[in-house]
Amino acid sequence: QVQLVESGGGLVQAGGSLRLSCAASGSIVSATAMGWYRQAPGKQRELVAVIRSGGVTNYADSVKGRFTISRDNAKNTMYLQMNSLKPEDTAVYYCNAKRVSLAPSFNYWGQGTQVTVSS
């Protein structure tokens with residue numbers, strides 16, 4: 001059973017930066033995609049950024065140009081660099097690793113880390 005643990009969340013003022021990390025207890029090379037999701041109070045969980053096994057990245061329109069997703073397979077860790085943070089970025093951020101196009105499939109979630117951006 002692979003465990004995902006997020007870290008790096010906290011309180012930051014608008015315009016500041018945070019770097020989130022997601023450490024996996026096992027290898028992430030078998031994942032077809034890894035991503036960051038977030039959920040704000042009263043809203044559904046939304047995809048923030050995704051990085052596929054081939055290295056292709058995609059971002060939600062709301063974070064393009066401000067957030068950067070990356071991974072280090074040797075360290076079994078994924079990162080989300082968040083710059084120019086806005087109050088609307090406040091949410092619990094979750095990391096995800098999935099394998100959906102090839103057996104055996106899996107879909108792992110971390111417990112989340114709180115990001116709070118003050119105005």
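The values are calculated or read from the model by the stated rules, or taken from the named source; none is laboratory data. Predicted model, so just to flag it, every value in this text is computed and none were measured. The accessibility values were calculated without ligands, DNA or RNA, using every heavy atom of the protein model including side chains. Shrake-Rupley method; radii C 1.70, N 1.55, O 1.52, S 1.80 Å.
Candidates in the range 22-54 are the residues that are open to solvent by 30 Å² or more (accessible area, probe 1.4 Å) and small (G, A, S); of these, the one that is nearest to A91 (Cα to Cα) is G42. The set of residues in the range 55-88 that are β-branched (V, I, T), open to solvent by 60 Å² or more (accessible area, probe 1.4 Å) and over 18 Å from S17 (Cα atoms) contains only V56. Applying the criterion of being more than 15 Å from the chain's Cα centre (by Cα), open to solvent by less than 50 Å² (accessible area, probe 1.4 Å) and of a type outside the set (G, A, S) to the residues of the range 1-21, the residue that is modelled with the lowest pLDDT is V2.
So which residues in the range 85-102 are charged (D, E, K, R) and assigned to a strand (DSSP E or B), if there are any at all? Hits for the range 85-102 are K98, R99.
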